[in-house]
Structures are given as C-alpha cells and as structure tokens.
Amino acid sequence: MTLAGVTQVDHETKVRTIAATMRERAERGEIVDNVDKGAVKHVVPLHGAARYRHAPLNMRDLDEIIQIDAERRICVAESAVTFSDVVEATLAYGLLPKVVPELKGITLGGAVVGCSVESMSFRYGGFHDSCLEYELVTGTGEVVTCSRESDPDIFEMVHGSYGTLALLTRLTFELIPAAPYVHLTYRTFTTADSFHAAMRGEVAADRVDFIDGIVHSPHRFVLCLGELVDEAPYVSDYSRSKVYYASTASREEDYLTTADYCFRYDTDCHWLTRKVPPLQWAPVRALAGPRLLGSTNLIRMSRLESKVSRKKRPDVVCDVFIPSRRFQEFFDWYRDEFRFFPLWVVPYRPPRDYPWIAPDFMDSSRDDLYIDCAIYGRDNNEPDRDYAKLLEQEVYELAGLKTLIGRNSYTPERFWTIYNRPNWQKAKSRLDPLGVLPDLYGHVGRVGDEHSEAT
Ligand SMILES: Cc1cc2nc3c(=O)[nH]c(=O)nc-3n(C[C@H](O)[C@H](O)[C@H](O)COP(=O)(O)OP(=O)(O)OC[C@H]3O[C@@H](n4cnc5c(N)ncnc54)[C@H](O)[C@@H]3O)c2cc1C
C-alpha cells in the first residue's frame, strides 16, 4: 500500500531541489558539512570545534513515509523521517523496524550515516543492517540508488560516513511482525561476570525479542529482557511522573505498550534529567512534563546550558563497542577510572564484517558478540584528567570501536589504523570527486579537541 501524503513523484521533486542546491554549492566551491533535517541533532555540541563551518543544506522536507508494504514487510521512507513517526506508522500494520533507536527524534538518515544500537541489536546489528536500498545525492548533485547487491562498494560505506560521502535521501528497510505490548523481566546480578554470562546466555538462546542492561552501580547489574505479547494485565506509563531507568532497579517485571517500550528512555533522555534534579521530582514532572521532558526538549536545554556555562570540555556522551571477550577487562577499568553510573549495556552482533573498518583492526577486534557500553553524560571538567581521551585510549587498547558522535582526539595515523582508508577513498572518489563534502578524518576524527588540555 502507499501512504497518503507523499508519492514517489513528490519525493523526486524534493530530491531534484536538493541535488540542484548541491550542484550550486559545488560550483561556488562551498563545502556542505552540515544538514538541516528539522529534528534535533544528536551529535554532541563541541565548543570551538570546526565541525560545522558552513550553512546547513536544507533537507527538512524529506520527512515522509513513501510506502509500507505489509505483505513483503518493507518500508520506503525519506531520510528525515524520525523513528517516532516510523514506529507509529508501522505499528498501525502490526509491524516494526528491525532496529529502533531509543530516542524519538533520531532520523532514519542520521541512524544510517551515524550509528544506531538498541535492544534488538543482539539479533539484527544496527539499523543500517536492515536496510536494502539507499538513494543518495552525490557531491556532484547526481542522484544514485544502490543496494548491498548492486553496488556494495558504495552501499556498505554509507554507514558511519557521517555525511562525508553523500546525502542520504531515501531508504528501503525491512520490518518485522510486532505485537501490542512488551513484557519485561528484570534479572539482577551483583558481579559483572555473572551479568555478562547471563547476557551471553540469553543472546545464544535467542528466545526473547529485546535484550539490554543497566548497570546502576558497580554491584547492581540489571539484565532487561523483553518479549512482544498480545495481552497485558496492566501497562506502566513513563512519559510523565515515573522514571523508566530507575524502575529497573526495583521491579522484577513490567508491561509497556510496544511504542512506549521503543522510546522508554526518551522521557529522561536516558538519565539526562539527573543534571537538573527537579526534573526527577514527580510533582514537577506531572506539571511540566511535555514542555520540559522528552529527548528533544532535554537535548535543546543541554545545548543552551553548554553554551552559557564555561565548561572547558563537554560531558562524555559516547557508545563504545567492546569485543565480548574483553568486557570484563573494560568494566574493571571503567569501574575504577570512570566511576559513572548508570551505564547502558547493549549486546550487538554485526551480521557481517563492516568494510569501513580496516582489515588488520577488524582481525584484532572480531568477536561473536560486541557489548555496547553507552556512557551518557559523564562530567569532564577535571583539569588534569580528560575522560574522553582516557576512554578513547582504553577502547583502542581493547580493540573496541568508539562511535564518533562526540569529541575525538585521534591522530591521523591512529584513526586510519581503525577506519579503512582505501575503501573510504574509493567511495569518495566515486561519490564526491570534487570534495564538496568534508573529509572523514577532518570532520569527525579529531574534533572538539582544540581547547582541551593534554591528559
Ligand atoms: C544523548 C544521546 C543519546 C543517544 N541515544 C541513542 C540510542 O538510544 N540509540 C541509538 O541508536 N543511538 C543513540 N544515539 C546516537 C544517535 O543514534 C546517532 O548520533 C545518530 O547519528 C543521530 O542521528 P540524527 O538523526 O540525530 O542525526 P544528526 O545528529 O543530525 O547527524 C549525525 C551525522 O549525520 C549527518 N547526517 C544526518 N542526516 C544525514 C543525511 N540524511 N545524509 C547525510 N548525512 C546526514 C550529519 O551531518 C551528522 O554528521 C544517541 C546520541 C546521543 C547524543
């Protein structure tokens, strides 16, 4: 079926406009290092960083779903559509994307060119792994479509390219059958070892639909297991007074609607509300809820706060993928050096090697499972201790991978031992031969490091 609102013809008109703008900017020699897709950005704002020097290219109109084919379980949508809108539309057909990032304002395009991980990643990897086709506007203003089969050299490099290869304008991705509710059970552990073993056991058993974990303290690990169910004896609501992540420390089970489950961390943007304690008080939440809570509001407020405060460095906001065999080592280091909880933990199984990773690094890193550890909001103001750099170094030593959404301090040599330069350059020379889009290392490899002190 085709949804009302946008047709392929409408879409082509929008894309022609974007392609024409790209050609004009290429003719003027003006770099396109910033896109405006309407929704809030999830890359971390970095003072003094030269990440976005130029005027944003407008992609706001690409906010519609083109088709949901319930029989083939496929969705075709424009890239600025948010996951909140996709979940609402697909659930109407009893379907869900295979991977739904937990914040409502993340866009389909941002999740592919940046990163995405969540509680279905133990089975499906990242959202991009469920994508079948991309439509791209290249740096020369051409419109190309590619798939894993038709053009793997381009298709596979779009993930993790952070807008440096092409603009992603339309995606086709797979859906799975859903149910109206999610039944959650929580299992609590007192050691990292027993928690990790239980998580691995659940991944191997492949019996539940969703797996993630929250480490509330060095001695309180909660494994969260979710199953799609048709009926629920009650449903909890975490969109106002109650705080989802805190509930996992005391409950043994819970029921949520499936949409609420997908965005269970959204109201508090995981635990960002801890930075403003009144936002965790029930009466304040009951009164001010929709105006102050929710990831979009909270991220906007935190941007404002970081602009007016005189913090030297932004808080550490970063997902790191640790080979499962080295999780215990990472956790011991994190507990002693980082001391920041809660820590969100998500098992992630890439369905294949990603060709944007350098082959030697891939060989040292490869594991049957990665454990994504999401560090959301650690202060980084100690003058002699730069936690972002310490994390980057530790993750490298453990052959793990760090997402590039925050501050990065890589030297070019280190960066290109992790990322596959020949593959990126091959895709760059085909998609952006004039260099209208930024260089990967220059855009994200060392960014936000300008005003920091050495560790
Ligand atoms: C506080 C916080 C919490 C997070 N929590 C989660 C989570 O729970 N689950 C999860 O999966 N991820 C999470 N993330 C990571 C998030 O999914 C990624 O940062 C993702 O890339 C954000 O997408 P966006 O749509 O907001 O894009 P943006 O943040 O606006 O952009 C990301 C990059 O992609 C480029 N870009 C965006 N759209 C396009 C396009 N259409 N074509 C070409 N380039 C484009 C931008 O220029 C930029 O370089 C979190 C991030 C933060 C900061």
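Please treat every number below as a calculation from the coordinates, not as lab data. All of these numbers come straight from a predicted model, not from anything done at the bench. Note that each Cβ is placed from the backbone with ideal geometry, even for glycine, and that neighbours are counted across all protein chains shown.
Okay, here's what the table says:
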| item | result |
| --- | --- |
| Positive-end residue, segment 8-177 charge dipole about Cα centroid, Cβ charges, pick of L171, L136, V117 | V117 |
| Segment 113-191: relative contact order as a whole-number percent, Cα under 8 Å and 6+ apart | 33 |
| Protection-proxy order for peptides 366-379, 124-137, each taking the mean of Cβ atoms within 10 Å per residue, highest first | 124-137, 366-379 |
| Of the GluC sites (Glu not before Pro) in segment 369-455, those whose Cβ has at most 13 other Cβ within 10 Å and which sit in DSSP loop | E450, E453 |
| Prolate/oblate/rounded label for segment 342-455 (Cα gyration tensor, a/c 1.5) | oblate |
| Shape category assigned to the chain from the gyration tensor of Cα positions, a/c cut at 1.5 | rounded |
| Relative contact order [Cα under 8 Å, 6+ residues apart], the chain, whole percent | 19 |
| Cα centre as origin, Lys/Arg/Asp/Glu Cβ charges: the chain dipole, Debye | 1320 |
| Segment 1-140 shape via C-alpha gyration tensor axes, a/c threshold 1.5 | oblate |
| Sites R414 and E231 - FRET efficiency at Förster radius 41 Å, r taken between beta-carbons, to 0.05 | 0.20 |
| Separation in nanometres of the label points that stand 7 Å from Cα toward Cβ, at E149 and A249 | 5.1 |
| About the Cα centre, charge dipole magnitude for segment 8-177 (Lys/Arg +1, Asp/Glu -1 at Cβ), debye | 480 |
| Packing-based order for 100-111, 433-444, using average beta carbon neighbours within 10 Å, highest first | 100-111, 433-444 |
| Computed [θ] at 222 nm, helices only, for the chain once each DSSP H run of length n ≥ 4 contributes -39500 (n - 2.57) | -8500 deg cm²/dmol |
| Protection proxy ranking of 254-267, 290-303, 210-223 - average other beta-carbon atoms within 10 Å, highest first | 254-267, 210-223, 290-303 |
